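J.: Quick one: the structure is below, and I'll ask about it shortly.
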Amino acid sequence: MSSTPIVPSEWAKRRFGAAADALVQAVPAAVQLAQARASAAHIGSGLATSDAYGPTMRAALHEELVNFTAEIPGVIARKPLAVRSRFPYVVIEETSVALMPWRFAADGSVRRVDAKFPVPVSDLRKTMLSLGAHPDHVQPTLDETALEISDLEAMFAEEVDMLEQLRSMGTVVTIGLASNPVNGIVSLGWGDAQLTNPETGKVIWHTWEDLRLTPGVPLALRPVIDRPGPDVTVPRFDDAPEDDLYLAPQPPMTANPTGEVEEGELDSGTDSAQPAT
């Protein structure tokens with residue numbers, strides 16, 4: 001494997017600021033260790049199906065992303081405001097960006113651009129992915145195409161300004177991957193994903209960058225961190241100053257791998273939609 005240093009792109013520098021250099025290395029390492037843990041669970045279960053692998057991978061992704069970014073200056077773990085979640089999310093304070101992992105496929109048979117979230121999509125994902133809107137991708141409706149060019153440009157400029165204001169309140173970068181217990185990580189990258197249709201789970205990727213996998217990360221290299229005790233709570237997004245990331249529910253803008261459901265993301269007792277049976 002090439003020993004060429006991993007250098008963050010200009011897009012990554014804009015999204016992550018001073019933390020970009022560390023994140024471009026920490027994220028792949030975290031995902032690979034999550035894969036090792038999920039594969040161990042699959043082997044230990046003795047099951048022919050991926051029922052042990054999928055849920056373990058889901059939880060391990062969140063844990064390892066927090067573990068591997070814990071020592072990066074300006075990177076913290078918080079839970080979303082106003083939407084209950086079992087897992088804390090990695091947040092880059094300088095740019096008010098949260099990282100959201102999504103295992104969109106089990107293998108290469110499903111292309112990333114074709115992958116969809118299972119419906120009904122959870123309130124948490126609706127909220128987070130609504131912040132993935134990209135101001136450079138405003139499309140006219142059929143009625144709007146009848147407007148004069150100057151009027152259309154002015155309208156788009158206003159919408160771009162509005163979206164930029166929303167993005168300044170906080171945005172989300174999605175870490176996308178395809179993986180399974182036999183072939184390992186088939187695809188890994190990150191980018192700006194937007195949920196465009198909550199009824200179908202359709203997702204548009206406005207930006208995508210592949211992340212470089214490193215040689216196998218053994219479990220022995222798992223970083224040792226102090227875990228909160230039963231009486232210690234993880235800081236929430238709303239514990240931060242007012243100008244920090246604010247992921248309050250917003251109007252929805254809108255595939256999990258086969259055999260993997262969305263359970264585990266939301267605590268029981270929420271008013272979020274439950275996965276279809």
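Just so you know, all these numbers are worked out from the coordinates, no wet-lab data involved. Computed from a prediction, not measured in an experiment: that's the story for all the values here. Methodologically, a virtual Cβ is constructed for each residue, glycine included, from the backbone with ideal geometry; neighbour enumeration extends over all protein chains shown.
J.: Stretch residue 114-residue 94 to full length: gain in nm at 0.36 nm per residue minus the Cα-Cα span?
T.: Result for the pair: 4.0 nm of gain on full extension.
J.: Also, quick follow-up: Arranged by the count of other C-beta atoms within 10 angstrom, fewest first, what order do 190, 102, 11 take?
T.: Exposure proxy ranking, most exposed first: 11, 102, 190.
J.: Let me ask something else about it. With θ set to phi - 60°, apply the Karplus curve 6.51 cos²θ - 1.76 cosθ + 1.60 along the range 89-96 and write out the HN-Hα couplings as whole Hz, x wherever there is a Gly or Pro.
T.: For the range 89-96, the Karplus-derived couplings read 10, 6, 10, 9, 5, 4, 10, 6 Hz, x marking Gly and Pro.
J.: How far apart, in nanometres, would the label points at residue 206 and residue 51 be if each is projected 7 angstrom from Cα along the Cα-to-Cβ direction?
T.: Distance between the two pseudo-spin positions: 4.1 nm.
J.: Using 0.36 nm per residue of separation minus the Cα-Cα distance, give me the extension gain between residue 197 and residue 14 in nm, one decimal.
T.: Going from the current span to full extension adds 63.2 nm.
J.: At a 10 Å Cβ-Cβ cut-off, how would you order 129, 211, fewest neighbours first?
T.: Ranking 129, 211 by Cβ neighbours within 10 Å, fewest first, gives 211, 129.
J.: Please arrange 92, 185 by counting, for each residue, the other beta carbons lying within 10 Å of its beta carbon, fewest first.
T.: 185, 92
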